[in-house]
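Derivation of every value follows stated rules applied to the coordinates shown; laboratory data play no part. Since this is a predicted model, take the numbers as computed values, not measurements. All Cβ positions, glycine included, derive from the backbone under ideal geometry; neighbour counts span all protein chains shown.
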Amino acid sequence: MPHVVAGKHLPKQLHGFGAALQHSMGVHITRATRKSIHGELPVTPLILNRNNRANGGALMAYVDCLGAAGAVMNLPEGYWTTTLESKTNFFVA
């Protein structure tokens, strides 16, 4: 599978991938294979909460974008998927 650099040279399965949320958040898939998806989420004021930390919902949306890309990479041609359930626990270290 080809590597992806900031959304360029996407594997065939990911052509047209990414809705308005992914684009508005600035999510970039940097590498995509059937076994792994790598991405970047720029830290911008849109992503930060009132404590100047990454918003948990923004992190969940980012992970959902990457998870969806991973699912699409492994689907048979002509099939699509959607997220039915997602859960994250945040702990203070």
Taking the range 21-39 on its own, how many of its residues are touching a Pro at 6+ places or on another chain (Cβ under 6 Å) and more than 11 Å from TYR62 (Cβ to Cβ)?
1
Some residue of the range 19-33 being farther than 12 Å from CYS65 by Cβ, without any contact (Cβ under 8 Å) to a residue 12 or more places away in the chain and out of contact with any Phe, Trp or Tyr (no Cβ under 6 Å at 6 or more places or on another chain):
no
Listed residues ALA58, ALA69; which is without any contact (Cβ under 8 Å) to a residue 40 or more places away in the chain and either in contact with a strand residue (DSSP E or B) (Cβ under 7 Å, 6 or more places away or on another chain) or at negative phi (or both)?
ALA58
